[in-house]
Amino acid sequence: NAGVTQTPKFRVLKTGQSMTLLCAQDMNHEYMYWYRQDPGMGLRLIHYSVGEGTTAKGEVPDGYNVSRLKKQNFLLGLESAAPSQTSVYFCASSYSIVVEAFFGQGTRLTVV
Amino acid sequence: DAKTTQPNSMESNEEEPVHLPCNHSTISGTDYIHWYRQLPSQGPEYVIHGLTSNVNNRMASLAIAEDRKSSTLILHRATLRDAAVYYCILREGFQTGANNLFFGTGTRLTVIP
């Protein structure tokens, strides 16, 4: 049981490049989330999904897009990376709204 | 979403109990109180959650005030592995969309050997 797996773990992008971060969970969870964490701060919600085929905006959605074509996968895309998107990105999933969420180990993204 | 207030940092000696406080004076009747912790260079990890009654699990205990405006996470015997940032979070107990976990800056716990 792998839990929540994020790919890749590290990435360096040049300004203007695009990339996709993959989050995969093997727990059959309905809810999935993408967060970013900047130095010395808590996590902020980017986008979330309450089920396969659904996505919605969180607190800081600008510059990101997401897709949830399969229940187990939640993709986060950056179409044109900017230095302000340098951050650590965390994916999470949960079975329901009141029980615990499980987090991945994070993706450290640097945009130069 | 209702906000929580936590001290920025706390210290504890190894093998002693630790009481991490959290104030949530604007909590609503349907908000669950969740605690997560984040070890260095790792993703957040669930610790415990509760609604009204005190809760115990293998990791910690959660003491909830009778008026629910505050709570305390109790680590019974701190170990070096417990050094982390601890987040107290309110999560709505009914579906209104994300039911997001709003992370503040948390309490950084330092465990002294």
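The values are calculated or read from the model by the stated rules, or taken from the named source; none is laboratory data. Quick caveat, the model's predicted, so the values are computed rather than measured. Neighbour counts run over all protein chains shown; Cβ positions are idealised from the backbone, glycine included.
Answer yes if at least one residue in the range A:53-62 is within 10 Å of the chain's Cα centre (by Cα) and not acidic (Asp, Glu), and no otherwise.
no
Identify, by number, the condition in (1) over 19 Å from B:Val111 (Cβ atoms); (2) outside any loop (DSSP other than H, G, I, E, B); (3) of a type in the set (Ser, Thr, Tyr); (4) in contact (Cβ under 8 Å) with a residue 40 or more places away in the chain that B:Ser28 doesn't meet.
(2)
Please indicate, with yes or no, whether at least one residue in the range B:79-99 is buried (at least 18 other Cβ atoms within 10 Å of the Cβ), at the interface with another protein chain (Cβ under 10 Å from one of its Cβ atoms), more than 12 Å from the chain's Cα centre (by Cα) and among the acidic types (Asp, Glu).
Scanning the range B:79-99, I find at least one residue that is buried (at least 18 other Cβ atoms within 10 Å of the Cβ), at the interface with another protein chain (Cβ under 10 Å from one of its Cβ atoms), more than 12 Å from the chain's Cα centre (by Cα) and among the acidic types (Asp, Glu), so the answer is yes.
Among what's in the range A:1-57 and is assigned to a loop (DSSP other than H, G, I, E, B) and of a type in the set (Val, Ile, Thr), pick the residue that is nearest to the other protein chains (Cβ to nearest Cβ). Don't jump to the end; show me each part of the working.
Narrowing the range A:1-57 to residues assigned to a loop (DSSP other than H, G, I, E, B): A:1-3, A:8-9, A:14-18, A:26-30, A:38-42, A:50-55.
The next check asks that each one be of a type in the set (Val, Ile, Thr); those that pass are A:15, A:50, A:54-55.
Details: A:Thr15: 26, A:Val50: 7, A:Thr54: 11, A:Thr55: 11 Å.
The extreme case among them is A:Val50.
Would it be correct to say that B:Gly29 is at pLDDT below 95, surrounded by 13 or more Cβ atoms within 10 Å (Cβ to Cβ) and of a type outside the set (Ser, Thr, Tyr)?
It is false that B:Gly29 is at pLDDT below 95, surrounded by 13 or more Cβ atoms within 10 Å (Cβ to Cβ) and of a type outside the set (Ser, Thr, Tyr).
Given the options B:Asn23, B:Asn57, name the one that is within 14 Å of chain A (Cβ to nearest Cβ) and polar (S, T, N, Q).
It is B:Asn57.
With the requirement that a residue be free of Cβ contacts under 8 Å to residues at least 40 places away in the same chain and either surrounded by fewer than 18 Cβ atoms within 10 Å (Cβ to Cβ) or farther than 22 Å from B:Lys3 by Cβ (or both), what does the range B:33-54 give you?
B:Ser41, B:Gln42, B:Gly43, B:Glu45, B:Thr52, B:Ser53, B:Asn54, listed by residue number.
Can you pull out every residue in the range A:59-112 that is surrounded by fewer than 16 Cβ atoms within 10 Å (Cβ to Cβ), over 23 Å from A:Gly40 (Cα atoms) and within 14 Å of another protein chain (Cβ to nearest Cβ)?
A:Tyr95, A:Ser96, A:Val99
Mind checking which strands (runs of 3 or more DSSP E) fall wholly inside the range B:44-86 and carry at least 2 residues that are among the hydroxyl-bearing types (Ser, Thr, Tyr)?
Strands (runs of 3 or more DSSP E) meeting the threshold: B:70-75.
Which of the following residues is at pLDDT 95 or above, crowded, with 21+ Cβ neighbours inside 10 Å and either over 13 Å from the mean Cα position of the chain (by Cα) or away from chain A (no Cβ under 14 Å) (or both): B:Ser12, B:Ser71?
B:Ser71
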